[in-house]
Amino acid sequence: MLIGKVVGSVVSTDKDAKLIGHKFMIVETIADTWCAKRIVAVDDVGAGIGEKVLVSLGSAARFTCDGENDASPIDAAIVGIIDNDSVIPDFDK
Amino acid sequence: MLIGKVVGSVVSTDKDAKLIGHKFMIVETIADTWCAKRIVAVDDVGAGIGEKVLVSLGSAARFTCDGENDASPIDAAIVGIIDNDSVIPDFDK
Amino acid sequence: MLIGKVVGSVVSTDKDAKLIGHKFMIVETIADTWCAKRIVAVDDVGAGIGEKVLVSLGSAARFTCDGENDASPIDAAIVGIIDNDSVIPDFDK
Amino acid sequence: MLIGKVVGSVVSTDKDAKLIGHKFMIVETIADTWCAKRIVAVDDVGAGIGEKVLVSLGSAARFTCDGENDASPIDAAIVGIIDNDSVIPDFDK
Amino acid sequence: MLIGKVVGSVVSTDKDAKLIGHKFMIVETIADTWCAKRIVAVDDVGAGIGEKVLVSLGSAARFTCDGENDASPIDAAIVGIIDNDSVIPDFDK
């Protein structure tokens, strides 16, 4: 999983039918935990802007919500909100 | 998902049989959401040149079109067209 | 998919049994469509040295040849030869 | 697999139900064995802070613990603790 | 597949049960065929230190040895030894 911070979201009206109902959050990578600076991830745990989150990539993203997403074309999902008192190297003091 | 802009397309006459009928769009990455500058993605939502899109990578690309692509050798698919009024960090003002 | 140019091939006599009969082409990435400069891909469409091709990565590579490769340990496959008159950004004029 | 060193952990109270009970370790890449500097991996072998470990990425992470994790949204898992006397290039002397 | 050279190995006594019996080789990438400098791959073809090999990444690694590894948490496997007379760009003369 990568560690990131939710910085925004994008809206897509014309999209694959299996994506209806999903929120697309823009997540900014923290502490060099991914090779790109940002990623778009669906959010099924209710993360808000500014929160630090764990994002699972690849096929793992389809194993979220107890199997409910198993046939959706998603490749990144927010799977947890990081507790405020967790210390992250190179990011928190 | 990565965020990109459709900048062109390529045509392949000699190709795997399961790819017949697909359009291959060249998508340019926006806002550092992927580690390469461009990618070729199949398009099943009807995105046009210049539009901003969401692209799913890896096995997720085969879960598009309600399962119709599940046996195709594709590793990237345009899964949504981003609404014009969505604001993307480091790209839109 | 990435766009590449076939620049050579490698021969492997001692290899996994499921790879017997495959050709291993060295493909050089074009137009920044992948994060590495080259990749080795199996070729089932008959691409020759110097041709521009589409390469599918990951599990997609096993969905080539109408399912014939579905149990082979391959992670990259040439899935199409790009037509000569296709224009590729940052590569063709 | 990548080689890394366990440098910390993160706690997530609000998370996907299938992740309950997992520990999320922050692993720092050693010897340029991955393209990002750090990654968060679940730990089912009991690795401690400071230990050198092998981390499996992608769908492989769900094949840990004899199949017990096969429906969890995890994309990285510590699969082995590296013995102290193993010599790692560019890291150990 | 990436092209690499076997430069060493690591030993892990405490590891996932499904990894018992595997050898973990450190492979150094050749000719810019991967985005990281090294990777740890299981070896089921009997490659020795100094040999040039083909490595399959991701789920492909579990399709080695005629299906015997299909439930192991491995994400990289040496699938072939490259013949000595194969010429590799940017590496061999």
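Please treat every number below as a calculation from the coordinates, not as lab data. Treat the numbers as computed from the prediction; the structure is a model and nothing was measured. Here the Cβ is made from the backbone with ideal geometry for all residues, glycine too, and neighbour counts use every protein chain on show.
Give C:K15/C:K37; C:K5/E:K18; B:K52/C:K37 a once-over and call out the pairs whose C-alpha atoms are over 29 Å from each other.
Distance filter (> 29 Å) returns C:K5/E:K18.
Which ³J(HN,Hα) values, rounded to whole Hz and listed in residue order, are derived for segment D:19-27 from phi using the Karplus coefficients 6.51, -1.76 and 1.60 in 6.51 cos²θ - 1.76 cosθ + 1.60 with θ = phi - 60°, glycine and proline given as x?
With the stated coefficients, segment D:19-27 comes to 9, 4, x, 7, 9, 9, 9, 8, 10 Hz.
Put a point 7 Å out from Cα along the line to Cβ at E:D90; what are the distances to that point in the other copies, in nm, shortest first?
1.5, 1.5, 2.4, 2.4
Copy-to-copy spacing for A:K37, label 7 Å out on the Cα-to-C-beta vector, in nm, shortest first?
Those separations, rounded to one decimal, come out as 1.5, 1.6, 2.5, 2.5 nm.
Within chain E, which chymotrypsin sites (Phe, Trp or Tyr not before Pro) sit in a loop by DSSP and count at most 14 neighbouring Cβ atoms inside 10 Å?
E:F91
When chain A is turned about an axis onto chain D, which of its residues keeps its C-beta closest to that axis, and how many Å is it?
Closest Cβ on chain A to the axis mapping it onto D, in Å: A:C35, 4.
What does the charge count near E:D32 come to, summing +1 for each Lys or Arg and -1 for each Asp or Glu among other residues with Cβ under 11 Å from its Cβ?
+1
Taking just the alpha carbons, could you work out the radius of gyration and Dmax for the protein assembly as shown, both in angstroms?
Just the Cα atoms of the protein assembly as shown yield Rg and Dmax of 20.9, 58 Å.
Of all the C-alpha pairs in segment D:2-81, what % are more than 14 Å from each other?
The answer is 56 percent, as a whole percent.
What's the center-to-center distance, using Cα atoms, between segment C:56-84 and segment A:1-57 in Å?
Each part reduced to its Cα centre gives a spacing of 29 Å.
Under the convention of a label 7 Å out along Cα→Cβ, give the distances in nm from D:E68 to the same position in every other copy, shortest first.
2.7, 2.7, 4.3, 4.3
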